[in-house]
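See below for the structure under consideration.
The values are calculated or read from the model by the stated rules, or taken from the named source; none is laboratory data. Note that the coordinates shown come from a computational prediction; the quantities given were computed from them, not determined experimentally. Virtual Cβ from ideal backbone geometry, glycine too; neighbours counted across all protein chains shown.
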Amino acid sequence: MGEKLTIAVQKSGRLQEDSLRILKECGISIDNGKDQLKANASNFPLEVLYLRNSDIPQYVQDGVADIAIVGENVIIEKQKELEVLQKLGFSKCRLAMALPKDVEYTGLEYFNGKKLATSYPNSLRQFLDANNLDCEIHVISGSVEIAPNIGLADGICDLVSSGSTLFKNGLVEVEEVLVSEACLVANKNISNLKSAILERLLFRMRSVLAAKN
Ligand code: PRT
């Protein structure tokens, strides 16, 4: 059997549909069985692993998958040494700090001594350190937007796309920490044989993206 490249894509969630669509647009047919966690392409040397977005950086760094389609924000948060090969133009969002709408925001110093709830402590810590801010970070894994309303924190740092979740929870975005979109990433030490397959895939992907612009 010839060499295959292994790609990780999100098992279910916001990235999944667009990730599979771009592979399809590259002319790759994946033989998907229902609820399968692993599948093969029938017309390209590619194996697909369906994993959680938040677990993907670790799997690629460990070499379980050679490449992946993943949210850039997750790579930054997990602090993995992966190569970002190509931004893919979907799942665009920003990691932002937000405060209750009745707060009079005076600028970054406002956050000194405050407590912020987030699911992205490393990204937030980096931003706070870069701006010499001293805040308490309270890590929660979901429903971050509710934290100020229930007295758990003064503000939040979370992903925002349309802004409607912030609005519904009486919060206003005040600072942007980072911007993100889906991207194709790779393990830094893949074999020459696999690199050659990757080059073919990248060529197709870039042609698909160019045709969209
Ligand atoms: O479970 P798994 O680990 O696979 O997935 P995940 O927990 O990372 O969740 P998923 O599927 O929600 O998100 C996957 C990726 O999509 C994220 O890592 C981001 O890169 C990207 N993305 C793009 C978003 C959003 N937009 C987004 N709006 N991820 C989450 N949100 C959430 C946000 O946390 C907030 O609760 O949507 C809400 C805000 O949305 P708006 O439109 O109301 O502003």
Of (1) under 18 Å from the mean Cα position of the chain (by Cα); (2) closer than 18 Å to residue 186 by Cβ; (3) modelled with pLDDT of 95 or more, residue 63 satisfies every one except (1)
Condition set free of Cβ contacts under 8 Å to residues at least 40 places away in the same chain and part of a helix (DSSP H, G or I), scope the range 127-144, selection nearest to residue 54 (Cα to Cα): answer is 144
From the option list 191, 195, 180, single residue qualifying as near the ligand (Cβ under 10 Å from one of its atoms) and farther than 17 Å from residue 99 by Cβ is 180
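Here are 152, 124, 85: which of them is buried (at least 20 other Cβ atoms within 10 Å of the Cβ) and either within 25 Å of the chain's Cα centre (by Cα) or of a type in the set (A, V, I, L, M) (or both)? Break it down stepwise before answering.
Details: 152 fails: buried (at least 20 other Cβ atoms within 10 Å of the Cβ); 85 fails: buried (at least 20 other Cβ atoms within 10 Å of the Cβ).
Among 152, 124, 85, only 124 is buried (at least 20 other Cβ atoms within 10 Å of the Cβ) and either within 25 Å of the chain's Cα centre (by Cα) or of a type in the set (A, V, I, L, M) (or both).
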Checking 72, 47, 77 in turn, the sole residue that is more than 9 Å from the ligand (Cβ to nearest atom) and of a type in the set (Asp, Glu) turns out to be 47
Screening 107, 113, 155 for residues that are touching a Phe, Trp or Tyr at 6+ places or on another chain (Cβ under 8 Å) and not aromatic (Phe, Trp, Tyr) leaves only 155
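Just one of 120, 105 is more than 27 Å from residue 88 (Cβ to Cβ) and of a type in the set (Phe, Trp, Tyr); which is it?
Numbers: 120 fails: more than 27 Å from residue 88 (Cβ to Cβ).
That would be 105, the only listed residue that is more than 27 Å from residue 88 (Cβ to Cβ) and of a type in the set (Phe, Trp, Tyr).
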Picking from 64, 103, 84, 74, the residue that is hydrophobic (A, V, I, L, M, F, W, C), part of a strand (DSSP E or B) and in contact with a helix residue (DSSP H, G or I) (Cβ under 9 Å, 6 or more places away or on another chain) would be 84
Margin query: So for the range 40-52 (the condition being part of a loop (DSSP other than H, G, I, E, B), surrounded by 12 or more Cβ atoms within 10 Å (Cβ to Cβ), touching a helix residue (DSSP H, G or I) at 6+ places or on another chain (Cβ under 8 Å) and among the aliphatic types (A, V, I, L, M)), does at least one residue qualify?
Written below: no
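Residues that are of a type in the set (D, E, K, R) and modelled with pLDDT of 95 or more, at least 1 per element: which strands (runs of 3 or more DSSP E) completely within the range 146-213 meet that?
Working: elements: 155-160, 171-180, 182-186.
Of the strands (runs of 3 or more DSSP E) lying wholly inside the range 146-213, those with at least 1 residues that are of a type in the set (D, E, K, R) and modelled with pLDDT of 95 or more span 155-160, 171-180.
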Sole miss for residue 34 among (1) modelled with pLDDT under 95; (2) buried (at least 18 other Cβ atoms within 10 Å of the Cβ) is condition (2)
When the range 18-44 is checked residue by residue, the ones that are within 15 Å of the ligand (Cβ to nearest atom) and over 19 Å from residue 185 (Cβ atoms) are 37
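Of all the residues that make up the range 184-193, how many are touching a residue at least 60 places away in the same chain (Cβ under 8 Å) and over 14 Å from residue 8 (Cβ atoms)? Reasoning before the result, please.
Here is the first cut: in the range 184-193, the residues touching a residue at least 60 places away in the same chain (Cβ under 8 Å) are 184-191, 193.
With the extra rule that they be over 14 Å from residue 8 (Cβ atoms), the set shrinks to 188-189, 191, 193.
Total satisfying the criteria: 4.
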Open item on the list: Any residue that is within 25 Å of residue 90 (Cβ to Cβ) and away from the ligand (no atom under 11 Å from the Cβ) - is there at least one of those in the range 149-169?
Closed with: no
In the range 1-31, anything surrounded by fewer than 16 Cβ atoms within 10 Å (Cβ to Cβ) and of a type in the set (Lys, Arg) is listed as 21, 24
